[in-house]
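A quick write-up on the structure given underneath.
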Amino acid sequence: MAFLALASQKSLLTLQKNFLQFQLLSIMNQTNYATSQMTAIEREYAATEDDCTNDADFIYYQDLSDQLETEKDSIESQITALENEISGLKTMVNNNIKSSCTLNLLGS
């Protein structure tokens, strides 16, 4: 019956992974928005001789994009770690089910 506890733990980790994937999607959407804003600012400055990299809004979106990229990397590494744990638990669940069934058959 240990496989039930392992299966529950696997389900919990899967929920955590799904939540992180949702956060990752949100970060990617925010990054796309920041990039589109920077592109719009670059277009505004393209008509002039000025450099857009000194524009306060451009700097804000560039910093935001960098921050979001760091968060994205962190979440991706957390997802990878969870996937490894889930895979290990899946193997343990399968092994426990097989050994439990074997014991039941031998005990009959």
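Quick note: the coordinates plus some simple rules give every number you see, no bench work behind them. Because the structure is predicted, anything quoted here is derived from the model rather than measured. Quick reminder, even Gly has a Cβ in these numbers, built from the backbone with ideal geometry, and neighbours come from all protein chains shown.
Just a few scattered comments:
- Karplus 3J(HN,Hα) series, Hz, for the stretch 83-92 with 6.51 cos²θ - 1.76 cosθ + 1.60 (x for Gly, Pro): 4, 5, 5, 4, 4, x, 5, 4, 5, 5
- Eligible aspartates and glutamates near Lys72 by straight Cα distance, threshold 18 Å, same-chain separation 8 or greater: Asp63, Glu83
- Rounded to the nearest 10 degrees, the inclination of helix 2-46 to the longest alpha-carbon principal axis of the chain is 10 degrees.
- Take every pair of alpha-carbon atoms less than 8 Å apart whose residues are at least six positions apart; their mean separation over the length of the stretch 2-107 yields a relative contact order of 49 percent.
- Counting charges near Asp57 (Lys, Arg +1; Asp, Glu -1) among other residues having Cβ under 12 Å from its Cβ returns a value of -4.
- Projected-area mean, the chain, by convex hull of Cα positions, square nanometres: 7.8
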